[in-house]
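The values are calculated or read from the model by the stated rules, or taken from the named source; none is laboratory data. These figures come from a predicted structure and were not determined experimentally. Virtual Cβ from ideal backbone geometry, glycine too; neighbours counted across all protein chains shown.
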Amino acid sequence: MSAREDGQARRDARNTWLLSAPALFILTFAAAGPLLIMLVYSFLTPGDYGNVVWKFSTDAWVGTVLSKDIFDGTYSLADAHLTIFWRSVKLSLITTFFTFIVGFPTAWIIATRSPRMRTALLFLITIPFWTNLLIRTFAINQIIRNEGLLNTFLLYLGVIDEPLLIIYSDFAVFLGMTYVYLPLMVLPLFAAIDRFDMRLIEAAYDLYASRWQVLRRVILPIVRPGIVAGSILVFIPALGAYVTPRILGGGRNMMIGNFIELQFGQGRNWPLGAALSVLLLVIVAVALVFYVRITSRESSNG
Amino acid sequence: MKTTLAAMALLLGGTAIASAEGELQLFNWGDYTSPEMIEKFEAETGIKVTITDYDSNDTAMAKIEAGGHGFDLVVPSNSWVPIYIEKGLVQEFDLSKLPNHANIAPEWLESPYDPGRKYSVPWQWGSTGIAVNKTAYDGDINTSSIFMDPPEELVGKVNVTPEMNDVMSLALWYVGGEPCTEDTEVLKKARDALMAAKPKWLSMDYGMTEKMAANDVMASVYWNGAIFRARLKNEDIVYGYPKEGYPLWMDQVMLLSDAQNVDEAHQFLNFIMEPENAAMISSFARYANGIAGSDPFMPEDMMTAPEIVVAEELKGSGSFLPTCSPKAQEYYTAIWTELQK
Amino acid sequence: MARRDFSASRIPGFATVAVLVFAALYLPIMMLVIYSFNSGDSIAIWEGFSFKWYPVAWNNEQVREVTFRSLTIATVASVIATTVATMAALGTTRRRGTKGQTFIYVMINQPLMVPEIVTAVALLIFFASIKVATGYQGLGYLITAHAAFCIPFAYLPIRARLEGMDRTLEIAAADLYATPWQAFRHVTLPLLMPGIAAGLMLAFVTSLDDVVITLFVKSAGQDTLPTYMLAQIRRSVSAEVNAISTLLLLLTVILLTAFFLLTRKRD
């Protein structure tokens, strides 16, 4: 390594920290830092009416994996937690996949318009999200309910004989989450596609690469950072989603977000809620690091 | 008399120290406070009222307990009243500033959770019962079996409100127990009955005024005032009072210990105990109030509504929910968590 | 097989999907606009055409206040978040193996990783102690909290843009004796702009939508549009909120059209 490169590396390192400092400061003050309170709370005893009592206890951590039968006091594996966790992961994965399937062509179309059109389309994607999440979710409910737009239309066409029961199902939650998280997929994809010189593809195509080869060999590697960003922005928030499952799922089948919320609300078990969220945080953080490592290695291998 | 009062209040307000001149911070359930009533209060007293909303007793308690919130008055439900008092989060009223305290109806004055009403002024009260769309089911609706053991016609069409205390109490009464019981046999029965009923439910959700009116849900455990409003839109909806037992509830205004505007708060409390003003609150959210003499000011349709006026033979089944012991509470939450999975 | 000319802007099927996506995005929005003209107070049952909810919403002082507050917080918080996220993105991409990059990456994305309620309760406890100690109860808490959870939403699109953006131009600028600031201002920034725009937009709508954290952090008199609406769920949401949403929508459409017309000449 030459002296010049060495100096460059040192400058890079210093700049990394300097440039990240303001973001890290805000996050330490108003996000990650206060979460240490949760770590502490996870080792305390729940108060009778919410909150915590300052008495050390590991019950909450035991409670994340084992559940105590309230009547005979025996412990068994907390399979309900696994059910909820699995349901959340499954729904979030499907949502991420589906937002990508429809989001990629959309982002592509936006990125290949004229600059003025591009800006307009970007706005068009985000405008629905100026409307409050709750109102949007109610509006979706309006469309899929028994006497709603969708069923009326399908009945009119004669596709179905009686209304499809969509509201209050996992499918409704999936539809709602896809709707809510779509821009989180489209915008990063757009940002990645947009910097790309389209003549490259046309050149590749001229060299008799098939459409599939062009997609796999030329386009995918270029938009990979966008896919990584988009899937993180969709998958992780979807995992902890609260409003959509509550309104469209009807509150019968919880997701992780609802389950943790329950502990801080009517469940009145703040330590368990804290322990569950610390656990979730660790799982997601580890998964994220692996995901980023793997995807960046793939892209450097080209 | 009102002018004398206002003058007196002004005088008192003038001598108060360290309080922002003429403002009041009310922390209340969303969409629960009549804007006309607030306007009238502001016009009469010159005090600016700011309303901040919450959506559950738990959220309200968490925020009040954390401190630094800036609220003067909060409106908790009856079972939370003793908790606020016990935790020292609220202060006793200065009854000399509340001449209208005498207007509290006698049956509400001697409440089990705040004898003599030294800490709480009635805001509104109602019941948690069962609403049924009679085009879907025409049988007896004054029973909890509508949701604990739904008739054929209602299977998959029932909603249960996600309120732990209400639902647990209804279930305990249904299996022959009492709310806040620590008897594990009864609790087990209630849990098993609930778990067996759950697959027959459609949802555990709020927003039933809309959903019942729009025929999305055919039966629901819900609050009387909300169902009253649903019935005004859809006359097929009827409201039943379970004969096995059903909860009555009351939300009341309490004065926080760290309130900044104590005098303004007293003026407000006195104001809402004026029968005419109490009626304004009721006609907005459609629940009864606890102030004697407000009837002449109430809207006509409320005085005859079966959702508001309980039939004589069903009155005995309703009761206020006690504040459960920590032990009973633990059973409740365990069953409730299991139910929501 | 005859090969047609390939054009990046015309991949078969893509346009169809995009059109469907836009249609699906606007379908619920159309529903709520239609119901804002409902003469009944319901958002589910149509009772006839009426304009009555517009004056109702407009004259509701609380609604005006909470809407204005939401827009203020979203604007300030998203600008802060995007600024610091842009800096962080510049600091953490295109640099070889700096130690701590993984740590920074996880820290920045941390707000995504726990359900909102957890951050909300933690912030409630932390900020309440500051509120008690300092006596300050202003909007600063909400803005800081929003800025914090908006950072990953701004950071990820910017980073996606920056990654692989080659440095030749910047190095060329440096070789031409441009100061680092000049190189950034005239070379990097314009190239980065689409990513910054995407990040800013995401941060803005994320802040505008937040319910749970706001509910727990707000002091007296600090309701935002979402917390105002959440608190109404138990009662029933009236067509009034549809009217508010429609007015907001109208505002954005006007802004967009104005922008579109103003930039026409330069195109």
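Quick rundown of the values:
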quantity	calculated
Failed item in (1) modelled with pLDDT of 90 or more; (2) outside the structural domain of residue B:36 (by TED's automatic domain parsing); (3) acidic (Asp, Glu), with residue B:216 passing the rest	(1)
Subset of region A:117-146 [more than 7 Å from every other protein chain (Cβ to nearest Cβ) and of a type in the set (D, E, K, R)]	A:118
Residue B:127 vs. criteria more than 30 Å from residue B:213 (Cβ to Cβ) and of a type in the set (S, T, N, Q)	no
Leading residue by the ranking (nearest to residue C:229 (Cα to Cα)) among those in region B:174-197 that are buried (at least 17 other Cβ atoms within 10 Å of the Cβ) and facing chain A (nearest Cβ under 9 Å)	B:191
Pick from region C:27-63, criterion of a type in the set (D, E, K, R) and within 22 Å of residue A:146 (Cα to Cα), ranking: surrounded by the most Cβ atoms within 10 Å (Cβ to Cβ)	C:41
Selected residue (criterion: farthest from residue A:130 (Cα to Cα)) from residues of region C:29-45 that are under 28 Å from the mean Cα position of the chain (by Cα) and more than 7 Å from every other protein chain (Cβ to nearest Cβ)	C:37
Some residue of region C:214-222 being without any contact (Cβ under 8 Å) to a residue 24 or more places away in the chain and among the basic types (Lys, Arg)	no
Every pair of residues 6+ apart whose Cβ atoms lie under 6 Å, when the first sits in region B:28-42 and is at positive phi while the second is among the basic types (Lys, Arg)	B:31/C:235
Residue, surrounded by the most Cβ atoms within 10 Å (Cβ to Cβ), within region B:325-341, restricted to residues that are facing chain A (nearest Cβ under 7 Å) and touching an Asp or Glu at 6+ places or on another chain (Cβ under 8 Å)	B:331
Failed item in (1) more than 30 Å from residue B:181 (Cα to Cα); (2) modelled with pLDDT under 95; (3) among the hydrophobic types (A, V, I, L, M, F, W, C); (4) in contact with a Phe, Trp or Tyr (Cβ under 6 Å, 6 or more places away or on another chain), with residue B:271 passing the rest	(2)
Set C:126, C:149, C:153: member being crowded, with 19+ Cβ neighbours inside 10 Å, away from chain B (no Cβ under 13 Å), of a type in the set (Phe, Trp, Tyr) and farther than 21 Å from residue A:224 by Cβ	C:149
Test: residue in region A:15-26 that is touching a Leu at 6+ places or on another chain (Cβ under 7 Å), closer than 30 Å to residue B:85 by Cα, surrounded by 12 or more Cβ atoms within 10 Å (Cβ to Cβ) and among the aliphatic types (A, V, I, L, M)	no
Meets criteria (touching a Pro at 6+ places or on another chain (Cβ under 7 Å), under 30 Å from residue A:37 (Cβ atoms), hydrophobic (A, V, I, L, M, F, W, C) and away from chain B (no Cβ under 14 Å)) for residue C:73	no
Test: residue A:220 is under 25 Å from the mean Cα position of the chain (by Cα) and more than 9 Å from chain C (Cβ to nearest Cβ)	yes
Selection within region B:248-294 - more than 19 Å from the chain's Cα centre (by Cα) and of a type in the set (D, E, K, R)	B:258, B:263, B:264, B:274, B:276
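Table: residues versus (1) more than 24 Å from the chain's Cα centre (by Cα); (2) among the acidic types (Asp, Glu).
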{"residue": "A:6", "(1), (2)": "yes, yes"}
{"residue": "A:17", "(1), (2)": "yes, no"}
{"residue": "A:41", "(1), (2)": "yes, no"}
{"residue": "A:46", "(1), (2)": "yes, no"}
{"residue": "A:81", "(1), (2)": "no, no"}
{"residue": "A:87", "(1), (2)": "no, no"}
{"residue": "A:102", "(1), (2)": "no, no"}
{"residue": "A:111", "(1), (2)": "no, no"}
{"residue": "A:114", "(1), (2)": "yes, no"}
